[in-house]
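One structure below.
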Amino acid sequence: MKNLKIAIQKSGRLNEKSVQLLKNCGLDFENYKSSLITTVSNFNLEILFLRDDDIPGYVEEGIADLGIVGENVIDETESKVTYLQRLGFGKCTLKLAIPKDSDIQDLKDLNGKSIATSYPVILQNFLAEYNIQADIQEISGSVEIAPGLGLSDAICDIVSTGGTLKSNGLKPFADVRKSEAILIGRDGLEENEILCELLQRIQSVLRAKETKYVVLNVEKSNLPLITELLHGVKSPTVVPLAEEGWVAVHTVISEDDFWGKINRLKSAGAQGIVVMPIEKIIL
């Protein structure tokens, strides 16, 4: 069976988590930082290490079958690719930011202003949506210094924590586009057997990341209250304990759901609650 090729970021904020995701899927490969390509030894897959800006184009042209890249890069390159799976990491927001002492108070105040960005396509589409005419200054890297150098009145850039904006005397002004890492594919690949198996592995890892395995002890008389709270993937597993009248309840539950129910579980008589991570969940 012919190998598929997946392109991931060679270096940068998505590289480490992309590599870790693939390894968590049971794929065995070496992460050659200095090499363009490596082969997975136990799966029909080859991994290309590329610049993130190149990934959508490689997938669109069929040089790579799959890619892991941020939504913002896909939009900026305007590549025609298929979204296969949101991956839940690399989350960030493309924001407009202005100097702290700026007189810009509303989006309409951007008319006639100069905005520096590395994402001119996304920014132009956003401004057009609000009928704003602004001068877009395309800059590669270090966009946040542009207002301080007198090159622009505002910037449009990726913001994760906001620390870089603050250190350059800027403040967030408006959200332009939210983004996260996406598994993309070339057209016509959806029914490929290798892709289907890879997607199953990825989805099992993502489900496991969001859930926890919970074990607790409860008196049998309180069991209906506990099982009502813990539905799990299907229903909880109940195991009798050596102590008469007590059972152990085993279930899988969303971590957010668990923390929302912890006090109700304790009030219902749950004791010895143990919460454990899950490696994979296959439905």
Elements of type strands (runs of 3 or more DSSP E) contained in segment 98-209, each with 2 or more residues being small (Gly, Ala, Ser):
114-117, 170-179, 181-185
Can you tell me which residue in segment 61-75 is farthest from Lys17 (Cα to Cα), limited to those that are touching a strand residue (DSSP E or B) at 6+ places or on another chain (Cβ under 9 Å) and charged (D, E, K, R)?
Asp75
Looking at segment 136-150, I want the residues that are exposed (fewer than 12 other Cβ atoms within 10 Å of the Cβ) and have a partner that is assigned to a loop (DSSP other than H, G, I, E, B) and of a type in the set (S, T, N, Q) with Cβ atoms under 9 Å, at least 6 apart or on another chain. Which pairs are those?
Ser140/Ser118; Gly141/Ser118
Within segment 229-278, which residues are part of a loop (DSSP other than H, G, I, E, B), surrounded by fewer than 12 Cβ atoms within 10 Å (Cβ to Cβ) and not small (Gly, Ala, Ser)?
Lys234, Glu243, Glu244
Within segment 125-138, does at least one residue satisfy the condition of being among the aliphatic types (A, V, I, L, M) and within 26 Å of Leu14 (Cα to Cα)?
no
Checking Gly90 against (1) assigned to a helix (DSSP H, G or I); (2) closer than 19 Å to Pro56 by Cβ; (3) at pLDDT below 95: exactly one of these is not met. Which one?
(1)
Residues within segment 22-57 that are part of a loop (DSSP other than H, G, I, E, B) and within 26 Å of Arg207 (Cα to Cα), tallied:
12
Within segment 215-247, of all residues that are in contact (Cβ under 8 Å) with a residue 24 or more places away in the chain and under 27 Å from Val205 (Cβ atoms), the one nearest to the chain's Cα centre (by Cα) is Val233
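The values are calculated or read from the model by the stated rules, or taken from the named source; none is laboratory data. Keep in mind it's a predicted model, so treat the numbers as computed, not measured. Cβ coordinates were reconstructed from backbone atoms using ideal geometry, including for glycine residues, and neighbour counts include every protein chain displayed.
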